[in-house]
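Bear in mind that the values in this text are calculations on the coordinates, not laboratory data. What you are looking at is a predicted structure, and each value in this text was computed from that prediction instead of being measured. Here Cβ is always computed from backbone atoms with ideal geometry, including for glycine, and neighbour counts include all displayed protein chains.
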Amino acid sequence: MHAGSWAPSTLLDQKDIQQEDKQYGDFYIAAGAIVGATAVIATGAGVKYFGLAGVPLGVVITLRMLDLQTDWALFAISMQNERLERNTDAEFAGHLRTSSATFSAFGSILLIPGIYICVKRWQNVAGGTPYGKINKYNVIVIALTVLFEDFPQLVINAIYMDNIGDDVDAISIICMVASSLSLVFACCDAYSSYNSMDE
């Protein structure tokens with residue numbers, strides 16, 4: 001999938017599209033391999049240590065990995081095309097790219113403590129031990145992730161898609177879906193953790 005019905009009118013545009021198609025293809029291969037490996041390893045480990053109750057653990061970790069990869073792809077591939085400048089201006093496009101890279105970096109930093117706390121919660125649930133303290137940490141990490149990664153990326157992507165017009169690509173769409181799902185799961189998880197703080 002590429003830019004919908006948009007048709008290049010110049011040789012330069014055609015070369016840009018060919019280059020982007022190659023980048024998209026490379027991304028799909030790399031992202032598919034990483035996300036697939038993450039799903040197999042995380043779900044396999046979850047089932048091994050927690051039984052079928054560990055399947056959601058694999059789903060959550062895989063979704064976070066997919067969300068993070070699409071965030072970086074939006075910055076590194078989709079936002080680098082010259083059509084963004086033509087539809088806006090160089091200064092606006094530069095600010096949008098900087099914002100995307102900054103919040104993607106925040107998401108990368110928060111991924112590790114997020115996965116660690118997620119696994120610890122599953123261990124406590126499986127062992128039947130109190131997990132109120134770890135839930136407090138979980139709410140904090142989720143709040144930081146929502147404020148500094150999920151919500152900002154949704155806004156940035158919405159601005160990008162609005163300004164790019166008919167040239168919207170598959171990565172920006174996947175990024176929007178992944179960020180939305182991640183935000184929904186995060187809010188549900190935060191609500192569950194908040195209500196279990198005293199357990």
| So how do E82, E91, E149 line up by other beta-carbon neighbours within 10 Å, fewest first? | E91, E82, E149
| note | Contact order relative to length for the stretch 11-195, counting C-alpha pairs under 8 Å separated by 6 or more residues, stands in percent at 24 percent
| query | Mind listing the Cα extents of the stretch 43-167 along all three principal axes, in Å, largest one first? | reply | 58, 26, 18
| message | With viscosity set to 1.306 mPa s at 10 °C, what whole-number translational diffusion coefficient in µm²/s follows for the stretch 66-125 from Stokes-Einstein and a Kirkwood radius over Cα pairs? | response | 120 µm²/s
